[in-house]
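The values are calculated or read from the model by the stated rules, or taken from the named source; none is laboratory data. Quick caveat: nothing in here was measured; it's all calculated off a predicted structure. Don't worry about glycine lacking a Cβ; one is built from the backbone with ideal geometry, like all the others, and counts go over all protein chains shown.
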Amino acid sequence: MTGPRPERADAILLDAVLGPLADTLREVGLPLHILLESRFGDLNENQVEMIEAARQAADAADVILRRAERVRAIERQPRIDRDETTRPIDLCRGALAIAGARAAGRGVRFTADLSPALPRVRGDRAHLEEALTLICCDAAEHARENAVIALTAEEDAASAVHLVLRHGAGPGTFTLDRLLAQRLLETAGGEVEFAEGATHIRWRY
């Protein structure tokens with residue numbers, strides 16, 4: 001009996017690792033939370049700092065694993081048909097607010113020029129808003145300090161809404177956040193391109 005094809009073997013390996021690893025990380029994180037909140041005995045300042053750093057690392061790893069699990073779940077059901085339609089301006093509003101708040105410490109800010117008259121795009125609104133938030137946060141992370149990131153949108157010749165985030169930075173590394181955003185957009189028939197100087201998002205309607 002032959003084994004699975006290489007791509008299938010990779011999928012089996014990921015599924016076998018992600019769930020148990022996420023459970024183990026949560027088992028690590030729980031006692032760290034308890035130690036910090038309950039204080040069993042006196043801890044000196046250095047001990048508190050070390051436990052806090054370990055807790056933050058465990059939480060960050062848990063976020064990574066959760067996103068990896070979501071990517072795997074989406075890949076099992078790559079297309080979700082929804083009757084829901086939303087204006088691009090409404091989808092972008094929350095994403096820009098969240099990304100702007102996270103980037104404020106670096107002086108990065110967003111501007112937007114979005115017409116309410118743009119065609120409505122189809123897809124799960126929560127998925128689309130999450131994808132846009134990830135993309136906006138990614139653009140802010142790659143932009144230089146005190147940069148202004150300009151978001152514009154237009155209807156192009158291919159019967160699509162074309163959003164452009166001009167951040168002036170290089171294309172950067174293709175991260176897990178980018179992969180998740182890409183997969184979320186693909187569930188609605190959209191696509192994203194992380195290019196030199198700008199990020200492009202397209203939806204056909």
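Give all pairs with beta carbons closer than 8 Å in which a residue from the stretch 192-203 that is in contact (Cβ under 8 Å) with a residue 24 or more places away in the chain meets a residue that is of a type in the set (Ser, Thr, Tyr) and part of a strand (DSSP E or B); count only pairs at least 6 apart in sequence or on separate chains.
Correct list of pairs: VAL192/THR199.
Can you confirm whether ARG125 is at negative phi, of a type outside the set (A, V, I, L, M, F, W, C), touching a residue at least 12 places away in the same chain (Cβ under 8 Å) and not assigned by TED's automatic domain parsing to the domain that holds ALA153?
Answer is no for this residue.
In the stretch 103-126, what residues are at pLDDT below 90 and buried (at least 20 other Cβ atoms within 10 Å of the Cβ)?
Answer for the stretch 103-126, where residues must be at pLDDT below 90 and buried (at least 20 other Cβ atoms within 10 Å of the Cβ): VAL121, GLY123.
Okay, residues lined up against (1) hydroxyl-bearing (Ser, Thr, Tyr); (2) modelled with pLDDT of 90 or more; (3) over 19 Å from ASP113 (Cβ atoms):
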site: VAL148; (1), (2), (3): no, yes, no
site: ALA157; (1), (2), (3): no, no, yes
site: HIS162; (1), (2), (3): no, yes, no
site: GLY170; (1), (2), (3): no, no, yes
site: THR173; (1), (2), (3): yes, no, yes
site: LEU176; (1), (2), (3): no, no, yes
site: LEU180; (1), (2), (3): no, yes, yes
site: GLU196; (1), (2), (3): no, yes, yes
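With the stretch 138-205 as the region, which strands (runs of 3 or more DSSP E) entirely inside it contain at least 1 residues that are closer than 27 Å to ARG106 by Cβ, in the same structural domain as VAL121 (by TED's automatic domain parsing) and of a type in the set (Ser, Thr, Tyr)?
Fully inside the stretch 138-205 and qualifying: 148-156, 198-204.
Restricting attention to the stretch 102-135, which residues are assigned to a helix (DSSP H, G or I) and not aliphatic (A, V, I, L, M)?
ARG102, GLY105, ARG106, ARG125, HIS127, GLU129, GLU130, THR133, listed by residue number.
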